[in-house]
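The values are calculated or read from the model by the stated rules, or taken from the named source; none is laboratory data. Fair warning: this is a prediction, and the values are worked out from it, not measured in the lab. Glycine gets a Cβ as well: all are built from the backbone with ideal geometry, and neighbour counts include every protein chain shown. Side chains are part of the model used for accessible areas, which takes the heavy atoms of the whole protein and leaves out ligands, DNA and RNA. Shrake-Rupley method; radii C 1.70, N 1.55, O 1.52, S 1.80 Å.
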Amino acid sequence: MTTDNVKQQRHQERQQRLKAQVDSAIAAASDDKGLLLVITGNGKGKSTSGFGTVARAVGHGLSAAVVQFIKGNWDCGERNLLAQHGVQFAVMATGFTWDTQDKAADIAAAEQTWLQAEQFLVDPNIDMVLLDELTYMLSYHYLPLERIEQALLNRPATQHVVITGRACHRRIIELADTVSEVQNVKHAFDHGIKAQRGVDW
């Protein structure tokens, strides 16, 4: 047997063992439930990932709703597209807190937007809810943690929820089924490049 044949045989044996492990894990995963996903960290791409998950759900014929905090007054390519496919939106539409500089108004806007989020989170006809930038509402103490926890815990059993934003509260992370952390390695804005339409918004 040639050296190449030996390498090929060893590779095939490794792949067969790997396939057996993967097949076993898939067979053991029998639970079917609505998932709570958290996408956090200080890197770019958290909202993009959240919207991508919504697009995937819609592509499979699921219904979805999106609640946007913080950046809601920007033109939003994802909103422009997904609204055409029946995705409902609730938008805080106050922009960044350093733009408004009015904490009382921001809290009132957060409360109003969360009321709409709660309506989505009790609706069994909505398969997925994206709570985009929700983490800031907790970091800034605009919304009570306990109220958010209860809404997440009491949602329909098969409803999926995606939460995005930096510094996600540890209690939300503990509730989550899947948590991903996006790290900042390099960002164009730090080098004087302005936000690009179709890439950053």
Quiz item: Do we find a residue being more than 15 Å from the chain's Cα centre (by Cα), modelled with pLDDT under 80 and under 30 Å from Ala188 (Cα atoms) anywhere in region 104-118?
Solution: no
Quiz item: Of the residues that make up region 95-102, is at least one open to solvent by 60 Å² or more (accessible area, probe 1.4 Å), closer than 22 Å to Pro144 by Cβ, at pLDDT below 95 and not in a helix (DSSP H, G or I)?
Solution: yes
Practice problem: Check Ile172, Ile193, Ile163, Ile126 and return the single one that is of a type outside the set (Gly, Ala, Ser) and part of a helix (DSSP H, G or I). | Solution: Ile172
Exercise. Tally the residues that are touching a Leu at 6+ places or on another chain (Cβ under 8 Å), among the aliphatic types (A, V, I, L, M) and open to solvent by 40 Å² or more (accessible area, probe 1.4 Å), restricting the search to region 150-180.
Key: 3
Quiz item: Under the condition of being closer than 21 Å to Leu121 by Cα and modelled with pLDDT of 95 or more, which residue from region 26-45 is most open to solvent (accessible area, probe 1.4 Å)?
Solution: Leu35
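Listed here are the residues, each with its yes/no results for (1) farther than 18 Å from Gly50 by Cα; (2) assigned to a helix (DSSP H, G or I); (3) more than 15 Å from the chain's Cα centre (by Cα).
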position	(1), (2), (3)
Ala90	no, no, yes
Tyr142	yes, no, yes
Arg147	yes, yes, yes
Ala151	yes, yes, yes
Arg155	yes, no, yes
